[in-house]
Amino acid sequence: MDVLDSRHMAIALREAEDAASRGEVPVGAVIVDGGTKEIVARASNRVELLKDPTAHAEMQAIKKACAALGQKRLDHCDLYVTLEPCAMCASAIAHAHIRRLYFGASDPKGGAVENGPRFFEQPTCHHKPDVYGGIHESAAAALLIDFFKKKRWPD
């Protein structure tokens, strides 16, 4: 992992922290131009705020990046997200033609990249990004563990 990958995941972690401060599941995402390494979009979960089950960090970041670039394909972009994407987000990643996916913590229960349906391995998936998991994994997992501990056992 190079320094830029680490920096971009650190920004996604800050987005996740922001989500947690608003009572959202702490997941953050950053979309970066693969050539220039400039941030195109950043987002965090907004499911509770928008009352929208599709308002995951990845979905929000993809929408923002497409709007910012004025295109429906992000084939020159990389996505950094703090949690392994679910099936819905993996499908959006494939449809947007994201070039590379970097994620932090694995999600054995809801993940769809290395766990569950392994979306990108299905014959019906027409675009598979390069996938790199475990980027700042312990920090991403700690945010989630702390968030759910506080939900279940508030002080």
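Numbers below:
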quantity: Over the stretch 1-137, relative contact order from alpha-carbon pairs under 8 Å, at least 6 apart, %; calculated: 20
quantity: For residue 98, distant residues with modelled amide H under 5 Å away; calculated: 74
quantity: Carbon and sulfur %, accessible surface of the chain computed with the full protein complex present, 1.4 Å; calculated: 54
quantity: Mean Cα-pair separation over length for the stretch 66-146, i.e. relative contact order, pairs under 8 Å, 6 or more apart, %; calculated: 31
quantity: Charge tally in the Cβ shell below 12 Å around residue 46, where Lys, Arg are +1 and Asp, Glu are -1, residue 46 excluded; calculated: -2
quantity: Highest-MSF residue in the chain out of 33, 52, 18 [GNM, Cα springs under 10 Å]; calculated: 52
quantity: Whole-number percent relative contact order across the stretch 68-114, with pairs defined as alpha carbons under 8 Å at least 6 apart; calculated: 49
quantity: Among beta bridges that DSSP assigns inside the chain, antiparallel share in %, nearest 5; calculated: 55
quantity: Note, ³J(HN,Hα) from phi for the stretch 99-116, Karplus 6.51, -1.76, 1.60, rounded to Hz, x at Gly and Pro; calculated: 6, 9, 10, 10, 10, x, 7, 6, 10, x, 8, x, x, 9, 9, 9, 10, x
quantity: Accessible area, probe 1.4 Å, largest first, for residues 83, 101; calculated: 83, 101
quantity: Residue pairs, from the table 37/149; 63/150; 72/128, whose Cα atoms sit over 24 Å apart; calculated: 37/149; 63/150
quantity: Extended-chain gain in nm, criterion 0.36 nm per residue less alpha-carbon gap, residue 71 and residue 138; calculated: 20.7 nm
quantity: Dimensionless Rg over Rh [the stretch 95-155; C-alpha; Kirkwood]; calculated: 1.09
quantity: Placed amide H near residue 103: partners under 5 Å, 5+ positions off or other chain; calculated: 81, 132, 133, 134, 135
quantity: Semi-axes of the equivalent ellipsoid for the stretch 1-82, Cα gyration tensor, largest first, Å; calculated: 21, 16, 7
quantity: Whole-Hz couplings from phi, Karplus 6.51/-1.76/1.60, listed for the stretch 69-84; x for Gly and Pro; calculated: 8, x, 8, 9, 10, 10, 5, 9, 10, 10, 10, 10, 9, 6, 10, 3
quantity: Kirkwood Rh, Cα atoms: Rg over Rh of the stretch 44-136; calculated: 0.94
quantity: ³J(HN,Hα) computed for each position of the stretch 143-150 - Karplus, 6.51 cos²θ - 1.76 cosθ + 1.60, integer Hz, glycine/proline x; calculated: 4, 5, 4, 4, 4, 6, 4, 5
quantity: P(r) histogram, all alpha-carbon pairs of the chain included - 5 Å bins from 0, percent; calculated: 2, 10, 21, 24, 22, 14, 5, 2, 1, 0
quantity: Within straight-line cross-link reach of residue 64, aspartates and glutamates at Cα separation under 18 Å, skipping those fewer than 8 residues along the same chain; calculated: 15, 18, 33, 38, 52, 75, 78
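The values are calculated or read from the model by the stated rules, or taken from the named source; none is laboratory data. Bear in mind the structure is a predicted one, so any value in this text is a computation, not a measurement. With ideal geometry, Cβ positions are generated from the backbone for all residues, glycine too; neighbour counts draw on all protein chains shown. These area figures cover heavy atoms from the full protein model, side chains too; ligands, DNA and RNA do not enter into them. Shrake-Rupley method; radii C 1.70, N 1.55, O 1.52, S 1.80 Å.
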